[in-house]
Structure formats: structure tokens, C-alpha cells
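Report on the structure given below.
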Amino acid sequence: MNIQSDKLKTLDLENITAEEIGEDHVATSAQTPLRDDAFEKTDAEKIEIIQEHFGEIMKTLGLDLEDDSLKGTPYRVAKMYVKEIFEGLNPKNKPVARQFSNSYEYNGMLIEKNIQVTSFCEHHFLPFIGKAHVAYIPAGKKVIGLSKINRIVDYYSRRPQVQERLTLQIADELQAALETEDVAVFIDSKHLCVSTRGIKDHSSTTITAEYRGAFKNEDTQQKFIDYIKTNTQID
């Protein structure tokens, strides 16, 4: 959860320590907090640096990097970080949501549900895994390919995240790509930082939702919820 706004006002966020934050999670922006020089290094340079530092972490834990099972782990982790699970940090990997003509002039609700979400909590670098349900109402004569919706969700998932920010970033991108205010994003996920450490709750999930434009209307919102609750099994 995020620190409540009244508590935030009492904190000096520039000088606060991790110990002072404790288990509270400070969310400062809907934008991923990136350094100004985030993309000055090449992927190869980043992999080399992460490999070295992760090797030191393993040594500090007492692991023997000369063992055949472990000697390749620092490189594998570094490559995984840069090329796979955090590739959404780099804007060059952003999917291009090309528009198509809405030749059928469909102006009803379009829903893409059960989109796989695999992201990493930025507070503990542990995964959270679940499903996203996304809807929009075409504003005019343009739509985007269905697979691009999945790719948008995947792109913003592939970075250190908080679920609230992920929900907002997907909504922002859909509005921009579709040129419509009428979008909805609903995410239900299980956080391994909750189930594997701290409280070690294995049953709870976290839900976030963002409703914009026509989806702020209670009837439209309820229709969206009813649709995503529909059980459709295709063998």
C-alpha cells in the first residue's frame, strides 16, 4: 500500500531512509522513476556491470561461484534483467500501436480480458503475477489491432513496478493510441513479496482499476465488470 497523503506531507522524501519508510511503499509519480542518463549505456555494458555486481551479492551470501551450477548465474541474471523482465524500461522496445480504419463503424464496448501480467515489485524485486482486463469504446473511425493491447500491457509490465502505476500507465497509453477518453483497466494479481516474505499470506490478491471517460458512468462500469466475470472457456 502507499503511505497516506497526510503522512507523506510529514516526510522529507529526498532525505528519507529505507529504515524510516519501513514496510510503507512511497509512490511518487505515475511515471517510472528513471535517471536522466538511463539509456547512455548500451545493453551489453549494462549486462557486464550487473553481472559483476550480482556476482558480488552471491559471494557475500557465501555462495561458491566456482561451482559449475553457479558460475554462469551472474551473467544469466544480468541478461535476464536487461533483455527480458525489465526490457520495458527502454522506450526502443515500446510497441507501435498502429491505427486501422473502423470500417464497420463499431461504437460499442471492446474488451480484451485475461491478459497475462507478469511484473516485478520495485520494492523487493519479487514478481507479481495475474490478469489484466482492458476495455475501450472507439471514439471515431480508428481502432488498433487486438494483439497491440496485449503488447502494451506486456511492455509496461516489464519493468520494476507498483500495480497502481502499471494500471495508470496502461490506461494512459491506450488513451493515446486510441485517441479516446473511454478506457478501463482492471488488474488482479498475486504479489510474491506478500506470499513469500513478511506476512507470508498465500491466498490474498490485489485489485486495481482505472475508469476513464464513459467508464466513469456506473452502468457502463458495471457492464464492463459483468463482461470480465463471464466464464468463457475455449478448448
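Checking the a/c ratio against 1.5 first, then a/b against b/c, what shape does the Cα gyration tensor give for the range 165-226? Each step should come with its number before you reach the end.
Numbers: a/c = 4.47, a/b = 1.99, b/c = 2.25.
It is oblate, given that a/c is not under 1.5 and a/b is not larger than b/c.
With all protein chains present, how much of the accessible area of the chain (probe radius 1.4 Å) comes from carbon and sulfur, to the nearest whole percent?
Working: 7350 of 14650 Å².
Taking all protein chains in place, the chain shows 50 percent carbon and sulfur surface.
Positive end of the dipole of the chain, charges at C-beta (+1 Lys, Arg; -1 Asp, Glu), about the Cα centre: which of P33, I50, I152 has its Cα farthest in that direction?
Positive-most Cα among the choices belongs to I152.
Karplus couplings for the range 186-200 from phi (6.51 cos²θ - 1.76 cosθ + 1.60, θ = phi - 60°), rounded to Hz, Gly and Pro as x?
10, 10, 10, 9, 9, 9, 6, 6, 8, 8, 10, 8, x, 5, 6
Residues with amide H under 5 Å of R158's amide H, sequence separation 5 or more or different chain, H placed in the peptide plane at 1.01 Å from N; which?
When sequence neighbours closer than 5 places are left aside, the close amide H contacts are G88.
Could you point to the label whose value was computed as Cα extents along the principal axes in Å for the structure here, given (1) 59, 35, 31; (2) 58, 41, 30; (3) 63, 42, 41?
Among (1) 59, 35, 31; (2) 58, 41, 30; (3) 63, 42, 41, the one calculated here is (3).
State in Å² the accessible area per residue of the range 105-177; use a 1.4 Å probe, count heavy atoms of protein chains only, and round to the nearest integer. Mind dumping the intermediate values first?
Numbers: 2880 Å² over 73 residues.
Computed with neighbouring chains in place, this is 39 Å² per residue.
If you build a Gaussian network model of the chain, linking Cα atoms that sit under 10 Å apart, which residue out of E87, E66, E173 swings the most?
E66
Most fluctuating residue of H53, H123, H133 in a GNM of the chain with Cα springs under 10 Å: which is it?
Its mean-square fluctuation being the largest, the pick is H53.
Please go through the residue pairs K71/K113; K92/K141; K46/K148; K148/K229 and name each one whose alpha carbons sit more than 31 Å apart in this structure. Display every interim value, and only then the final one.
Details: K71/K113 41 Å; K92/K141 28 Å; K46/K148 28 Å; K148/K229 23 Å.
Distance filter (> 31 Å) returns K71/K113.
The values are calculated or read from the model by the stated rules, or taken from the named source; none is laboratory data. Keep in mind the model is a prediction, meaning the values are calculated, not measured. Backbone-built Cβ (ideal geometry, glycine too); neighbour counts: all protein chains shown. These area figures cover heavy atoms from the full protein model, side chains too; ligands, DNA and RNA do not enter into them. Shrake-Rupley method; radii C 1.70, N 1.55, O 1.52, S 1.80 Å.
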